[in-house]
1. Going by the conditions given, is S212 out of contact with any Lys or Arg (no Cβ under 8 Å at 6 or more places or on another chain) and within 27 Å of D60 (Cα to Cα)?
2. Which residues, taken from segment 186-205, are aromatic (F, W, Y) and either open to solvent by less than 20 Å² (accessible area, probe 1.4 Å) or in a strand (DSSP E or B) (or both)?
3. Can you find, within segment 90-136, the residue that is most open to solvent (accessible area, probe 1.4 Å) among those that are out of contact with any strand residue (DSSP E or B) (no Cβ under 8 Å at 6 or more places or on another chain) and over 28 Å from W48 (Cα atoms)?
4. Does segment 167-185 include one or more residues that are open to solvent by 30 Å² or more (accessible area, probe 1.4 Å), outside any strand (DSSP E or B), more than 28 Å from D60 (Cα to Cα) and β-branched (V, I, T)?
5. For residues in segment 205-223 being of a type outside the set (S, T, Y) and touching a Pro at 6+ places or on another chain (Cβ under 9 Å), which is nearest to P171 (Cα to Cα)?
6. Among all residue pairs at least 6 apart or on different chains, which show Cβ distances below 9 Å where the first residue, located in segment 149-171, is under 30 Å from R138 (Cβ atoms) and the second is of a type in the set (D, E) and open to solvent by less than 30 Å² (accessible area, probe 1.4 Å)?
7. Inspect segment 215-230 for any residue being free of Cβ contacts under 8 Å to residues at least 60 places away in the same chain and either of a type in the set (A, V, I, L, M, F, W, C) or surrounded by fewer than 17 Cβ atoms within 10 Å (Cβ to Cβ) (or both) and give the result as yes or no.
8. Test A40 against the criterion of being more than 24 Å from E165 (Cα to Cα), at pLDDT 85 or above and either in a loop (DSSP other than H, G, I, E, B) or charged (D, E, K, R) (or both), and give yes or no.
Amino acid sequence: MTGALAALAVPAAQASTPATAGQGKTDSAAAALAPCVQAAKKTGAKAWTCMPTGLTVTTDAAGKPSGQFTPIAAAIPAQIDGPVGTLDDYDTWCENGSICHRKISSYIGETKGNAAYGNSQGVIGTFDVVLRTNLNGRQAQWRVTLIRDTGPGLQFSNVRVNCWEEISNWPDNNCGVHGAGSPYVSYRWGSGLLYGNRLNNSNEYYGAVNGSFTPNGYPQYTMGTLESRYFNCYGTGNCYFP
């Protein structure tokens, strides 16, 4: 389970690429997240975000800050270990699903989640979040990619990856917060490599991306959370994806 995230500022990495390539896409993410989008409309919230895990309300129907999260299953279930395409197919892989995990090797895994956000009138835009996990011995290294699919440009704030150690009794143990930056995304942006802490305990772990964003012409939104698949760091050997 995801715990509370803390902020850790680091310098921003790569700049966003120009805006043309992401334009003209369909709202496939909104379709995959339809149950969440429908629930969001019913709340009348003035600012909400749908991720594969559910609905996050930033501002409620009365205009008050909320932060309330409601788990809602996506219309399309998680896809595990789909085909691996080209080295960089993030803008085409998993475009019609809510969330996809794929194992590149025993030491490299990728997760992509589709997100939709809007207000009481409906969906404003959609974007993708991709988390790549490299396992180096007993250390996880992460890269975050953000892709704007539809809607206005997005100013992200405090994008970070939180390392979590899975605990059977909630909450999970926080094993580090690693800041990725605060990029403006007109089409696509990728972080630098984020180095995690050494993972000493014999257990399962995962990474979770979080942050906030402000669409051009709109208030700030809470992004919601995208979690990687679990990886094993049992005994004293190297961590790996099962």
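The values are calculated or read from the model by the stated rules, or taken from the named source; none is laboratory data. Being a predicted model, the structure only gives us computed values, none of them experimental. Glycine also receives a Cβ, built like all others from the backbone with ideal geometry; neighbour counts cover every protein chain displayed. The area values use the complete protein model at the heavy-atom level, side chains included, leaving out ligands, DNA and RNA. Shrake-Rupley method; radii C 1.70, N 1.55, O 1.52, S 1.80 Å.
1. On the way: out of contact with any Lys or Arg (no Cβ under 8 Å at 6 or more places or on another chain): yes; within 27 Å of D60 (Cα to Cα): yes.
So S212 fits the description; yes.
2. Quick first cut of segment 186-205, residues aromatic (F, W, Y) only: 187, 189, 195, 205.
Result: W189, Y195, Y205.
3. Taking segment 90-136 and keeping what is out of contact with any strand residue (DSSP E or B) (no Cβ under 8 Å at 6 or more places or on another chain), we get 92, 96, 105, 120-122, 136.
Applying the additional criterion that residues be over 28 Å from W48 (Cα atoms) yields 105, 136.
On the way: S105: 44, N136: 92 Å².
The qualifying residue most open to solvent (accessible area, probe 1.4 Å) is N136.
4. The answer is yes, given that some residue of segment 167-185 is open to solvent by 30 Å² or more (accessible area, probe 1.4 Å), outside any strand (DSSP E or B), more than 28 Å from D60 (Cα to Cα) and β-branched (V, I, T).
5. Restricting attention to segment 205-223, the residues satisfying the condition of being of a type outside the set (S, T, Y) are 207-211, 213, 215-217, 219-220, 223.
From what's left, touching a Pro at 6+ places or on another chain (Cβ under 9 Å): 215-217.
Numbers: P215: 32, N216: 36, G217: 37 Å.
Among those that are of a type outside the set (S, T, Y) and touching a Pro at 6+ places or on another chain (Cβ under 9 Å), it is P215.
6. Cβ pairs passing all conditions: W164/D172; E165/D172; E166/D172.
7. The initial filter retains those residues of segment 215-230 that are free of Cβ contacts under 8 Å to residues at least 60 places away in the same chain, namely none.
The answer is no; no qualifying residue exists.
8. Numbers: more than 24 Å from E165 (Cα to Cα): yes; at pLDDT 85 or above: yes; either in a loop (DSSP other than H, G, I, E, B) or charged (D, E, K, R) (or both): no.
Here the answer is no, as A40 does not meet what is asked.
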